[in-house]
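**Student:** Structure in structure tokens, see below.
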Amino acid sequence: MEPMNEFHQKAKTEIQPEKEFIAGSYRWFTYSASVTGLRLICLEDLTTGTIATTTVANPTKRTAAHKAWAGARQSRAAGMPWEILHEMGEKGVDPDQKLEEMFRGYGHASVGDMARLAVDMGKIPMHLCLALFNEGSLNSGQEKSTRYQASFGKALLHPMRHYISERLPKEDVARLEEEYQSFGAVSLELFAKHKAVLLGAFEQYYQADTTKPAERSALLSRVLDCVRYFLLIGQWSGMSFETSARDWSRIIAQLQASPLLYYRRVAAQLSKLLAPTTEEEEVLDYKAEAPGLIRHTAPQLTANRNLHALKQFIEDQTDLLQQVSIHSGFPKRVDQRVSMIEPMYTEGDRLVASYILLLWPGLEREQLFNWIHDQDDEIKKSISAIIFSGHTNYCELPGFGRTTRMTLVIESFLGELRDLNRHRAWGRFFPLPLVFGERLTKSAIEQIVARGFGLPLYLTDIPAFAEYKTVYERDLVSYYTKLQEFLEKVSATYHDTIDYAFVLNLLPLAHRVDLWMHGDPKQAAYFTMQRSRPGGHINYRALAYEANQLLAMYDPYLSAMRLSKKPDPSSREEFFDRS
């Protein structure tokens, strides 16, 4: 791990771009294939500092689009593959024109799914990685790991100015930014403090032989699993995300409609990277992989408009807010657990609950489901009309609409949510208005903050670490006290004239945010077996095991998937097992 970080630092100072030019608020720069293996095209947003990059297989051909074209021709051309592809090699054929004609006249969007495009991003907040993985179901990808990269101990907090109105006076922004950035400093101080303490405590308790590289590496990974709880979801990370051109178009359109100003800027940046102008291609001397398939990227406002209409309907024509309690108050330490939504609640009930929790994230879940399920048909049909309004085969429901009757509710923390959210075959939902939702009010952010926080199971379940647990919890309570004071200070000055989305950046990875996972028996067996293995973080291992036990009892036909060995935080063997 350390040599890799050393290499990264060395490479960072030595690699020079091949070409570079400024286009408005963006900086383009490239690296040649002789330097990076494949030609690398990079685009920096000079306003946000975010960098997005993509590789091209052949700078003179639109490789991904070419493959998609050949695949699409299979439905209408009788020839063998080489005969179909030969059409592109014929003398006098303009490949770009032929691609454009084919894609525009083909009649359905499946062609876009045959062009796969990978984008790597850097200097982005962790919650953007979370949102992208949550919106993807066709994707593959990786996010920078807090377990293997100790450099997270120096992670920068994404600036507040990207989340508040540009009309705010500059002196106000500077003053707010200074106090806001102090949370990043506190986060890194606590990360470093507890890393040093737990390294010694874990080494002694688990009798680590630090002369053995494998044990030394395992020790550090387990400590980083624990101290990541002090990192903030708004601190810098990076990721690689690969999906189809059609899926990229959908994601860009949804980001364009996000309540977060920063997400809207990222959408514009991704659109420019994947579909540059002819002039930009000429200056950089390359052809983008499939710009003609990055289409229909205008803001997809349907879901958020429907959320707004639903909010008005709930407030004006129902008694939900009088009948269902909203959790509030100072955040306290809570224990993680897994439950299942009762089978009596329909797929529609679960869909409606998701919409409502994006508007009021503090609503008590069981009361909410009872209220939704017990409404008369007239109310249900009115809510249905609102939710489905404007959605078509071209403008689908949000991804969290993939509900089933097999739903796990993972009541855990943002650190574990980042891990488990990557299981893209599940329909997933969490009540944070990142892509879908309304502008964040003080009331909504207070409901999110009030959910509480948790600790690593090593500290809560092992008596020998009781003192460390006390200090760990005390430091988190102190952090939340500082956060509450800042929130009240901002509110006293700006009331409801400011967007409170910036507070999302200040949530530590210890913060509780529930994850709903809608699945099927195939995914249930894979997920619980995969995530309960000894090599994983103890908290999500315990969650996966608990989910497995619930699923095995859920239906006698699923009983054979029951796992027999419960993860044990105190086990030395499991602590050093990386399988």
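The values are calculated or read from the model by the stated rules, or taken from the named source; none is laboratory data. Just so it is clear, the model here is predicted, and its values are computed rather than measured. Backbone-built Cβ (ideal geometry, glycine too); neighbour counts: all protein chains shown. Accessible surface areas use protein heavy atoms only, side chains included; no ligands, DNA or RNA. Shrake-Rupley method; radii C 1.70, N 1.55, O 1.52, S 1.80 Å.
**Student:** For a protection proxy built on the mean count of beta-carbon atoms within 10 angstrom, sort 43-56, 325-338 highest first, please.
**Tutor:** Highest to lowest by the protection proxy: 43-56, 325-338.
**Student:** Let me cross-check Arg405: its accessible surface, 1.4 Å probe, with only protein heavy atoms counted, in Å² to the nearest 10?
**Tutor:** Only protein atoms counted, so the area is about 90 Å².
**Student:** Follow-up question, since we're still on this one. Arrange the residues Ile15, Ile379, Ile164 by how much accessible surface each exposes, largest first, with a 1.4 angstrom probe.
**Tutor:** Highest to lowest solvent-accessible surface, that is Ile15, Ile379, Ile164.
**Student:** If you take the square roots of the eigenvalues of the alpha-carbon gyration tensor of the range 165-267 and sort them as a ≥ b ≥ c, do you get rounded (a/c under 1.5), prolate (a/b over b/c) or oblate?
**Tutor:** oblate
**Student:** Give me the percent relative contact order of the chain, please, defined on Cα pairs under 8 angstrom at least 6 residues apart.
**Tutor:** Here the relative contact order equals 17 percent.
**Student:** Once you have a ≥ b ≥ c as the square roots of the Cα gyration tensor eigenvalues for the range 478-579, tell me rounded if a/c is under 1.5, and otherwise prolate or oblate according to whether a/b is larger than b/c.
**Tutor:** It comes out prolate by the Cα gyration axes.
**Student:** Students sometimes get this wrong: rank Lys123, Lys67, Lys170, Lys272 by accessible area, probe 1.4 Å, all chains present, largest first.
**Tutor:** Lys170, Lys67, Lys123, Lys272
**Student:** Starting from the residue with the highest accessible area, list Arg161, Arg116 in decreasing order, probe 1.4 Å.
**Tutor:** Putting Arg161, Arg116 in descending order of accessible area: Arg161, Arg116.
**Student:** Can you tell me the order of 533-541, 219-227 when each peptide is scored by its average per-residue count of other Cβ atoms within 10 angstrom, highest first?
**Tutor:** Going from most to least packed, we get 219-227, 533-541.
**Student:** Take the alpha-carbon centre of the range 438-457, take the same for the range 229-300, and report the distance between them in whole Å.
**Tutor:** The range 438-457 and the range 229-300 have Cα centres separated by 28 Å.
**Student:** Listed here are the pairs Lys123/Lys272; Lys381/Lys442; Lys195/Lys489; Lys154/Lys287; Lys144/Lys195; which of them are more than 25 Å apart at the Cα?
**Tutor:** Pairs exceeding 25 Å: Lys381/Lys442; Lys195/Lys489; Lys154/Lys287.
**Student:** Once you have the Cα-Cα distance between Asp377 and Tyr205, take 0.36 nm times their residue separation minus that, and quote the gain in nm to one decimal.
**Tutor:** Value of the extension gain: 55.9 nm.
**Student:** If R₀ is 35 angstrom, what is the calculated FRET efficiency for the pair Ser145 and Ala33, using the beta carbon separation as r and rounding to 0.05?
**Tutor:** 0.80
**Student:** Answer rounded, prolate or oblate for the chain, using the Cα gyration tensor with square roots of eigenvalues a ≥ b ≥ c: rounded when a/c is under 1.5, else prolate when a/b is larger than b/c, else oblate.
**Tutor:** rounded
**Student:** Moving on to the next point. Would you list, by chain and number, the aspartates and glutamates whose Cα falls below 16 Å from the Cα of Lys522, excluding same-chain residues fewer than 8 positions away?
**Tutor:** Straight-distance partners of Lys522: Asp555.
**Student:** So what is the accessible area of the chain per residue, in Å², with the probe set to 1.4 Å?
**Tutor:** Per-residue accessible area for the chain comes out at 44 Å².
**Student:** Would you kindly find the accessible area of Val197, with a 1.4 Å probe and non-protein molecules such as ligands, DNA and RNA excluded, rounding to the nearest 10 Å²?
**Tutor:** Rounded to the nearest 10, that gives 60 Å².
**Student:** Roll a 1.4 angstrom probe over the protein heavy atoms and tell me the percent of accessible area of the chain that is carbon or sulfur.
**Tutor:** Roughly 52 percent, rounded to a whole number.
**Student:** What is the distance in Å between the Cα centres of the range 477-493 and the range 335-385?
**Tutor:** Cα centroid of the range 477-493 versus Cα centroid of the range 335-385: 31 Å apart.
**Student:** I need the peptides 364-376, 500-512 ranked by packing, meaning the mean over residues of other C-beta atoms within 10 angstrom, with the highest value on top.
**Tutor:** Result, highest mean first: 500-512, 364-376.
**Student:** Helix-only estimate, please: 222 nm mean residue ellipticity of the chain, summing -39500 (n - 2.57) across DSSP H runs of length 4 or more and dividing by its residues, to the nearest 500.
**Tutor:** Rounded to the nearest 500, it is -15000 deg cm²/dmol.
**Student:** Would you give the gap between the C-alpha center of the range 159-195 and the C-alpha center of the range 48-96, rounded to a whole Å?
**Tutor:** Each part's Cα centre sits 46 Å from the other's.
**Student:** Okay, next question. Roughly how big is the range 124-265's charge dipole about its Cα centre, with Cβ charges of +1 (Lys, Arg) and -1 (Asp, Glu), in debye to the nearest 20?
**Tutor:** Dipole magnitude for the range 124-265 comes out near 180 debye.
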